[in-house]
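Encoded as structure tokens, the structure appears first; notes follow it.
Rule-based calculations on the coordinates, nothing more; no lab input. None of the values given here were measured: they were computed from a predicted structure. Positions of Cβ are backbone-derived with ideal geometry, glycine not excepted, and every protein chain shown enters the neighbour counts.
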Number of protein chains: 2
Amino acid sequence: MPRGRTRDEEARIRILDATFELVGANSPGKVTINEIAAAGEVAKQTIYRWWPSRTAVLLDALVHGTMKATPFKETDNLQSDFEGHLRGVIRLFNSPTGKIIRELIAESHADETIAEEFRNRFWQPRRDLSQARLQRGIELGQIRSDIDHEVVLDAIYGPLWLRLLIGHLPMKPADARRIVDAVWPGIAQP
Amino acid sequence: MPRGRTRDEEARIRILDATFELVGANSPGKVTINEIAAAGEVAKQTIYRWWPSRTAVLLDALVHGTMKATPFKETDNLQSDFEGHLRGVIRLFNSPTGKIIRELIAESHADETIAEEFRNRFWQPRRDLSQARLQRGIELGQIRSDIDHEVVLDAIYGPLWLRLLIGHLPMKPADARRIVDAVWPGIAQP
DNA sequence: GCTTAAATACGAGACTTCTAGTATTTATAG
DNA sequence: CTATAAATACTAGAAGTCTCGTATTTAAGC
């Protein structure tokens, strides 16, 4: 047991909650560290004692505020499982979470460390989930075995990310069906 | 003919060229206006006389440096036309142009004006090109007529954008074939 | 047990640094 | 005479650092 005052766990949670809420609520512009500190009722230095940068706080807030993975059912109909999962992710992206993701992607451009952490802590776990399901589909003979997993996953989830980041069109939960329908014939076992 | 000294056209080009080169060459971090001014051998105020913001310069530099649209052949084989076009775009995204696009997307997050201009001046023209080709395919009976164009285009080009912006995997020109192959069965006229 | 010292965290806010964008002044081209 | 360009000082705002006083917890001395 280390000596000294212990970390204020409630402060940590207040910081992450405040960050998540501020970024999700405030329109595009940046949320400053001072605002986060004020909203979390915490001194700025308390933030910098535990996080190396503003962006690191954002990333933690994202992971903290989106803990529960979007569910991925496992029925005997793989196609509708994917459709359901995609629909869930679409909903997630249309919530405040979407704004935080956008901001993190933006910041990632200037900070490869954050880019990597984003992939490791947010992107990859979800990716692995879909990937495993795809693999299972192959073993069950529902999916062609000669496909490039990465390309298929990018084709299914890419349109959603594209619309989130470019903003040319909204992405509705109902689009999940269209997307999966468009891609499925190319990957299903004939 | 306007009175007074005329605009220095060479300076304008030096600014755009310098911007394009600096963003493309320098690793992730931001290129500052001062650096651009120095590299273009121009006073900072000369930049702000003609562009409203740093990001506006970036956007002009992108359009200026990527003038020639990636070619879109029109043979009797629509599938391979799409594949060829996608291959071209992949190559473009792997060049310095890719970095400028990433930076612009990042900046767009905090500036909806730029986001809109980016879509209008870079995204939409290319989108329209692909869209027209898709429409033509329908008229020729090669493509199903009941598909959602937007979703199909997002599925074809989404993976590329995804890999550019997330950086989880590189996108090679050879992937163009895999992507189009994956999507095509879902849209081709049976 | 009780007191005290050591170690660490927190709050508050001044301070530093960096960069976008503005303003001013002087020179130069049409 | 008029508008642009160069040079450079200036303003504003935000990230991140530093300092100081205070609070909290463990360990040592008695």
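Can you pull out every residue in the range B:96-123 that is of a type outside the set (Asp, Glu) and at the interface with chain A (Cβ under 9 Å from one of its Cβ atoms)?
B:LYS99, B:ARG102, B:ILE105, B:ALA106, B:SER108, B:HIS109, B:ALA110, B:ALA115, B:PHE118, B:ARG119, B:TRP123, listed by residue number.
For the range B:144-190, what are the residues that are in a loop (DSSP other than H, G, I, E, B), more than 8 Å from chain A (Cβ to nearest Cβ) and surrounded by fewer than 23 Cβ atoms within 10 Å (Cβ to Cβ)?
Scanning the range B:144-190 gives B:ARG144, B:SER145, B:ASP146, B:PRO170, B:LYS172, B:PRO173, B:ALA174, B:GLN189, B:PRO190.
Given (1) under 20 Å from the mean Cα position of the chain (by Cα); (2) within 16 Å of DNA strand D (Cβ to nearest atom), where does B:PHE72 come up short, assuming only one miss?
Unmet for B:PHE72, out of (1) under 20 Å from the mean Cα position of the chain (by Cα); (2) within 16 Å of DNA strand D (Cβ to nearest atom): (2).
So is B:GLY65 on the phi < 0 side of the Ramachandran plot, out of contact with any Lys or Arg (no Cβ under 6 Å at 6 or more places or on another chain) and away from chain A (no Cβ under 14 Å) or not?
It is true that B:GLY65 is on the phi < 0 side of the Ramachandran plot, out of contact with any Lys or Arg (no Cβ under 6 Å at 6 or more places or on another chain) and away from chain A (no Cβ under 14 Å).
Which helices (runs of 4 or more DSSP H) does the range B:11-66 wholly contain that include 1 or more residues that are more than 24 Å from A:ALA106 (Cβ to Cβ)?
B:33-39, B:44-50
Please pick out the residue among B:ASP8, B:ASP17, B:ASP60 that is over 25 Å from B:ILE179 (Cα atoms), within 16 Å of DNA strand D (Cβ to nearest atom) and buried (at least 18 other Cβ atoms within 10 Å of the Cβ).
None of the other options fit; the residue is B:ASP60.
May I ask you to list the residues in the range A:129-143 that are surrounded by 15 or more Cβ atoms within 10 Å (Cβ to Cβ) and over 23 Å from the mean Cα position of the chain (by Cα)?
Correct list: A:GLY137, A:ILE138, A:GLN142, A:ILE143.
Condition test on A:THR19, is it of a type outside the set (A, V, I, L, M), within 16 Å of DNA strand C (Cβ to nearest atom) and within 14 Å of chain B (Cβ to nearest Cβ)?
Taking the combined requirement at face value, the residue does not satisfy it.
Being within 11 Å of DNA strand C (Cβ to nearest atom) and within 14 Å of chain A (Cβ to nearest Cβ) is the filter here, so list the residues in the range B:24-49 that pass it.
Within the range B:24-49, B:GLY29, B:LYS30, B:VAL31, B:THR32 meet the criteria.
With the requirement that a residue be within 8 Å of DNA strand D (Cβ to nearest atom), free of Cβ contacts under 8 Å to residues at least 24 places away in the same chain and crowded, with 16+ Cβ neighbours inside 10 Å, what does the range B:23-48 give you?
B:ALA37
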